[in-house]
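Notes follow the structure.
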Amino acid sequence: MKPVENASIISEKEMKRLLRLAFLSPEKEKLEGLRKDVSKILRFVEHIQEVDTSKVTAIPTVLENQHLQLRDDVAESAFSVEEMRKKKPPILNNAAKTHSAFFVVPKVKEDDVTN
């Protein structure tokens with residue numbers, strides 16, 4: 001039996017938890033609309049999962065006939081820690097909170113993730 005198209009498949013409690021984990025706090029008037037949108041997305045994912053791909057040959061790239069120039073995988077830093085302490089990198093201007101040359105993020109406790 002297919003679910004009713006307009007019915008939400010995510011509960012209000014699950015939606016609030018998802019929003020809390022994403023650090024989002026939309027207006028109460030928008031919650032039901034968001035819940036319906038997430039339900040539509042989940043229904044679409046369920047629909048895609050029903051497609052039989054067992055006979056589809058996997059390809060490593062859609063650019064089969066082109067040679068891709070790959071660079072060596074070497075870790076580099078645009079700034080040393082000392083340079084970052086002297087001059088704050090522009091990316092930190094977007095941070096809600098920083099300390100020295102680092103982002104400060106809220107602690108996530110196990111209870112926050114499981115509830």
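A few notes on this one:
- Scoring THR61 on the criteria (1) at pLDDT 90 or above; (2) loosely packed, with under 12 Cβ neighbours inside 10 Å; (3) of a type outside the set (Phe, Trp, Tyr) leaves a single failure, condition (1).
- Residue satisfying all of: in the stretch 70-110; of a type in the set (A, V, I, L, M) and at pLDDT below 75; surrounded by the fewest Cβ atoms within 10 Å (Cβ to Cβ) among these: ALA78
- Every residue from the stretch 23-44 that is over 27 Å from LYS109 (Cα atoms) and either surrounded by fewer than 13 Cβ atoms within 10 Å (Cβ to Cβ) or free of Cβ contacts under 8 Å to residues at least 24 places away in the same chain (or both): GLU29, LYS30, GLU32, GLY33, ASP37, LYS40, ILE41, PHE44
- Any chance SER39 is at pLDDT below 90 and polar (S, T, N, Q): no
The values are calculated or read from the model by the stated rules, or taken from the named source; none is laboratory data. Keep in mind that what you see is a predicted model, and the values were worked out from it rather than measured. Positions of Cβ are backbone-derived with ideal geometry, glycine not excepted, and every protein chain shown enters the neighbour counts.
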